1. When the range 202-234 is examined, which residues are found to be in a helix (DSSP H, G or I) and either small (Gly, Ala, Ser) or not assigned by TED's automatic domain parsing to the domain that holds residue 186 (or both)?
2. Does any residue in the range 85-96 that is aromatic (Phe, Trp, Tyr) come within less than 6 Å, Cβ to Cβ, of a residue that is surrounded by fewer than 24 Cβ atoms within 10 Å (Cβ to Cβ) and assigned to a loop (DSSP other than H, G, I, E, B) six or more places away or on a different chain, and which pairs are these?
3. Name every residue in the range 93-109 that is modelled with pLDDT of 90 or more and over 19 Å from residue 134 (Cα atoms), in order of residue number.
4. I'd like to verify a number: residues in the range 234-264 that are touching a residue at least 60 places away in the same chain (Cβ under 8 Å) and either aromatic (Phe, Trp, Tyr) or under 23 Å from residue 181 (Cα atoms) (or both), how many?
5. Could you please give the count of residues in the range 110-127 that are modelled with pLDDT under 90 and surrounded by fewer than 21 Cβ atoms within 10 Å (Cβ to Cβ)?
6. Take residues that are closer than 21 Å to residue 250 by Cβ and out of contact with any helix residue (DSSP H, G or I) (no Cβ under 9 Å at 6 or more places or on another chain) and tell me which of the helices (runs of 4 or more DSSP H) falling wholly in the range 57-134 contain 1 or more.
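The values are calculated or read from the model by the stated rules, or taken from the named source; none is laboratory data. Keep in mind that this is a model prediction, so the values were computed, not measured. Using ideal geometry, Cβ is built from the backbone for each residue, glycine included, and neighbour counts are taken over all protein chains shown.
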Amino acid sequence: MSKGLEICPECGGKIILSSFEKICERCGLGIEKNAYKKENRKTVIPKGINAPLKEISIHLNLNVNIRHYAVYYYKKIIEADEKTGFNLPLLAYCIFYSIRKHYQNISITLNDIAKAFQNFGYNLNSRSILKEGSKNMHYLHVNSSSNRSEDYLIRLVDMVIKHSEIPKRLAKLGVKWLRREFQNKLLMKSREILKELPFSQRCVINPFILTGAIIYLADKLIAQEYKQKSILTQRIISEATHIAEYSISDHYINLLKPIFFNSK
């Protein structure tokens with residue numbers, strides 16, 4: 001099957017066959033047509049991408065497929081928008097998007113990615129990464145009808161309410177609500193949050209994970225409204241929904257908290 005040793009035209013690395021196409025083992029560059037590409041030609045990404053991608057990949061121990069996906073999404077966006085210059089926040093977002101879309105069990109957060117770039121002297125933060133993602137997400141043809149937090153809300157709130165610690169938390173904090181009352185308040189407040197959260201901002205991340213973070217925020221806003229302590233913790237939501245606790249924290253801190261608390 002081998003046609004001899006193939007070399008990456010960008011970095012000189014060895015070409016290997018991944019699940020989707022021939023890619024460079026060193027830098028993740030896609031070499032030939034695959035299921036994603038309509039054109040049958042070699043493509044080379046802008047040269048500026050290789051150094052930071054390699055640095056971040058080594059620093060965060062990203063596997064070759066994550067690098068491959070990040071390169072693919074980056075190329076797709078800059079080609080669709082006819083951009084020619086190097087876009088560092090976009091590259092960072094494509095790394096984040098690749099992890100969240102294809103490797104959700106990897107515990108790398110948006111802050112981790114931002115700090116990795118900062119470690120190599122790049123001026124980047126999590127907010128600028130999310131902002132770049134929201135500007136360019138439409139080029140990835142996200143289907144909004146199948147990527148909505150609203151579709152998960154009732155089920156996830158129900159799972160959280162059924163957690164064994166909820167009655168104990170209600171009693172400990174002196175809250176007189178029944179489970180059903182708390183459930184209704186969580187649903188109503190979560191729907192209010194979703195109405196205020198522009199799709200351009202929430203479409204850049206996994207809607208299932210976002211829903212868990214929204215439930216956490218809803219409880220905090222309810223506590224603020226009724227002048228009481230929060231009933232839920234990130235651990236309770238994580239255990240009930242099987243969403244990683246670090247993911248709930250990452251989405252709350254980097255997306256929701258700046259909008260619903262810092263701006264008020």
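1. The initial filter retains those residues of the range 202-234 that are in a helix (DSSP H, G or I), namely 202, 207-226, 234.
The answer is 212, 213, 218, 223.
2. 86/46
3. Answer for the range 93-109, where residues must be modelled with pLDDT of 90 or more and over 19 Å from residue 134 (Cα atoms): there is none.
4. Count: 7.
5. Let us first name the residues in the range 110-127 that are modelled with pLDDT under 90, namely 110-111, 126-127.
If we keep only those that are surrounded by fewer than 21 Cβ atoms within 10 Å (Cβ to Cβ) too, we end up with 111, 127.
Selection size over the range 110-127: 2.
6. Because the criterion is at least 1 residues that are closer than 21 Å to residue 250 by Cβ and out of contact with any helix residue (DSSP H, G or I) (no Cβ under 9 Å at 6 or more places or on another chain), the helices (runs of 4 or more DSSP H) in the range 57-134 that meet it are 110-119.
This table checks each residue for (1) out of contact with any strand residue (DSSP E or B) (no Cβ under 7 Å at 6 or more places or on another chain); (2) farther than 21 Å from residue 198 by Cβ; (3) at pLDDT below 85; (4) not β-branched (Val, Ile, Thr).
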position	(1), (2), (3), (4)
65	yes, yes, no, yes
84	yes, yes, yes, no
91	yes, yes, no, yes
141	yes, no, yes, yes
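Okay, residues lined up against (1) in a helix (DSSP H, G or I); (2) more than 13 Å from residue 240 (Cβ to Cβ); (3) outside the structural domain of residue 202 (by TED's automatic domain parsing); (4) among the polar types (S, T, N, Q):
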position	(1), (2), (3), (4)
151	yes, yes, no, no
158	yes, no, no, no
171	yes, yes, no, no
175	no, yes, no, no
182	yes, yes, no, no
185	yes, yes, no, no
